[in-house]
Amino acid sequence: MTIVLNTIEEGAASEQISILIKGDVEVVNTSGMKIAHCMGCNQCWLKTPGVCAIKDDYESIIKKLVDAENLWLVSDTCFGFVDWRGKRVMDRIVPMLNMYVEFRDGLERHELRYHPLNFGLLYKGEADRQFLEEWSQRVASNLGGQSLGVIKMKEGEPCI
């Protein structure tokens, strides 16, 4: 199962997503969802392992990620990186990990709470592609999976 977190406005990029990502795919349009920023409280590690203390629409996303094999993030860019919407949904993935660390790929990484998750990025706008590819590889490594790649989508509106 592949989960696509589309942080671009509802319905935008859906045609490109369906062309680029094949197989058993569920697209979650997050633009209309109430998703708070991670507070860094660590309750998902210490007090309620695997469960975020913030009660919002992200709860349903985490439940889908537990069963997923692949995660694609669809994000606009701002200042050469994923915009705040993309960063926000990625920061909230912390409950997928344990607080304990291990050496993986020659670096210290948090232990996985569930299973490896492959990661890829579809992006709009201007960004340093090499930087985004390195970031995608690091995210995938942190999630115990492989990078699915970085794909630039058709040009869109500039970030706000």
Practice task
With the condition kept exactly as written, say whether any residue in the stretch 101-120 is touching a Lys or Arg at 6+ places or on another chain (Cβ under 6 Å), open to solvent by less than 40 Å² (accessible area, probe 1.4 Å) and closer than 16 Å to Trp45 by Cα.
Solution key: no
Practice task
Kindly indicate whether Val66 is open to solvent by 30 Å² or more (accessible area, probe 1.4 Å) and assigned to a strand (DSSP E or B).
Solution key: no
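Tally time: how many residues in the stretch 84-138 are within 16 Å of Thr7 (Cα to Cα) and under 16 Å from the mean Cα position of the chain (by Cα)? Working first, answer last.
Looking only at the stretch 84-138, we keep the residues that are within 16 Å of Thr7 (Cα to Cα), and these are 84-93, 119-125.
Cutting the leftovers down to under 16 Å from the mean Cα position of the chain (by Cα) gives us 84-93, 119-124.
Qualifying residue count for the region: 16.
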Exercise for the section: Filter the stretch 61-106 down to the residues that are in contact (Cβ under 8 Å) with a residue 12 or more places away in the chain and hydroxyl-bearing (Ser, Thr, Tyr), then identify the one that is nearest to Ile8 (Cα to Cα). Expected result: Ser75
Problem - Residue within the stretch 92-109 that is in a loop (DSSP other than H, G, I, E, B), touching a helix residue (DSSP H, G or I) at 6+ places or on another chain (Cβ under 8 Å) and of a type in the set (Gly, Ala, Ser) present - result: no
Practice task
Report, by residue number, each residue of the stretch 46-62 that is surrounded by 13 or more Cβ atoms within 10 Å (Cβ to Cβ) and either under 15 Å from the mean Cα position of the chain (by Cα) or within 25 Å of Phe81 (Cβ to Cβ) (or both).
Solution key: Cys52, Ile54, Asp56, Asp57, Tyr58, Glu59, Ile61, Ile62
Exercise for the section: State yes or no: is Leu71 touching a helix residue (DSSP H, G or I) at 6+ places or on another chain (Cβ under 9 Å) and closer than 30 Å to Lys154 by Cα? Expected result: yes
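Report, by residue number, each residue of the stretch 19-45 that is in contact with a strand residue (DSSP E or B) (Cβ under 8 Å, 6 or more places away or on another chain) and either open to solvent by 20 Å² or more (accessible area, probe 1.4 Å) or over 19 Å from Asp91 (Cβ atoms) (or both). Explain how you work it out, then say what you get.
Applying the first criterion (in contact with a strand residue (DSSP E or B) (Cβ under 8 Å, 6 or more places away or on another chain)) to the stretch 19-45 yields 20-21, 23-31, 42, 45.
Hits for the stretch 19-45 are Leu20, Ile21, Gly23, Asp24, Val25, Glu26, Val27, Asn29, Ser31, Asn42, Trp45.
The values are calculated or read from the model by the stated rules, or taken from the named source; none is laboratory data. Source: prediction; values computed, not measured. Reconstructed Cβ throughout: ideal geometry from the backbone, glycine too, with neighbour counts over all protein chains shown. Surface accessibility is based on the protein's heavy atoms, side chains included, excluding ligands, DNA and RNA. Shrake-Rupley method; radii C 1.70, N 1.55, O 1.52, S 1.80 Å.
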